[in-house]
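**Q** Right, I'll just put the structure down here and ask away after.
The values are calculated or read from the model by the stated rules, or taken from the named source; none is laboratory data. Owing to the predicted nature of the structure, the values given are computational and were not obtained by experimental measurement. Positions of Cβ are generated from backbone atoms using ideal geometry, with glycine treated the same way; all protein chains shown enter the neighbour counts. What goes into the accessible areas is simple: the full protein's heavy atoms, side chains included, and nothing from ligands, DNA or RNA. Shrake-Rupley method; radii C 1.70, N 1.55, O 1.52, S 1.80 Å.
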Amino acid sequence: MAKKVSDSQVAGIKAHAEAKNKETIDKVNKAIDKLKRRNKPINFETVCKESGVSRATLYNNAQLKERILSLRAISKASPLEDVIAVKKDKMQLKDDKIATLRLQIKKLEEDKEKLIIQLVDYEELKSENERLKKQLERRT
């Protein structure tokens, strides 16, 4: 037969779990601060080693996971200034290509309009030619 757990025991267990969670968060925050001061990369591996907290705990705690992911993204983005310049160059190349293609489209549309006018003139000449042929046939 199972023993019944009292409300005070449940409250004690919850208080202990919350205290352990707060302690873990404090350990991880201190470890992250140390890593920042030393200009070390911040990721799950380095935080795990520095804080002594398991990687699974870091992944399972939503607050810690989000903080590490955001700091990791920030630290990866900051030293890439040269790549950003390349991206700007690529953007400029794309803009130039788009401008060139728009000019080509405009020229093709103008050519199309001219061809339509020529086609209409051709059809008019063709019908006039038919009319004149019939007129010649009547006279002969």
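**Q** In the range 6-38, what residues are in contact with a helix residue (DSSP H, G or I) (Cβ under 9 Å, 6 or more places away or on another chain) and open to solvent by 60 Å² or more (accessible area, probe 1.4 Å)?
**A** Just the residues of the range 6-38 that are in contact with a helix residue (DSSP H, G or I) (Cβ under 9 Å, 6 or more places away or on another chain), to begin with: 24-25, 27-32, 34-36.
Those that are in contact with a helix residue (DSSP H, G or I) (Cβ under 9 Å, 6 or more places away or on another chain) and open to solvent by 60 Å² or more (accessible area, probe 1.4 Å): 27, 30, 34, 36.
Residue-wise test of (1) under 48 Å from the mean Cα position of the chain (by Cα); (2) open to solvent by 100 Å² or more (accessible area, probe 1.4 Å); (3) without any contact (Cβ under 8 Å) to a residue 40 or more places away in the chain.
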{"residue": "105", "(1), (2), (3)": "yes, no, yes"}
{"residue": "112", "(1), (2), (3)": "yes, yes, yes"}
{"residue": "117", "(1), (2), (3)": "yes, no, yes"}
{"residue": "140", "(1), (2), (3)": "no, yes, yes"}
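**Q** Looking at the range 1-51, which of its residues are touching a residue at least 12 places away in the same chain (Cβ under 8 Å) and outside any helix (DSSP H, G or I)?
**A** Result: 41, 42, 43.
Residue-wise test of (1) aliphatic (A, V, I, L, M); (2) under 29 Å from the mean Cα position of the chain (by Cα); (3) open to solvent by 70 Å² or more (accessible area, probe 1.4 Å); (4) at pLDDT 90 or above.
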position	(1), (2), (3), (4)
46	no, yes, no, yes
66	no, yes, yes, no
71	yes, yes, no, no
77	yes, yes, no, no
100	no, yes, yes, yes
120	yes, no, yes, yes
134	no, no, yes, yes
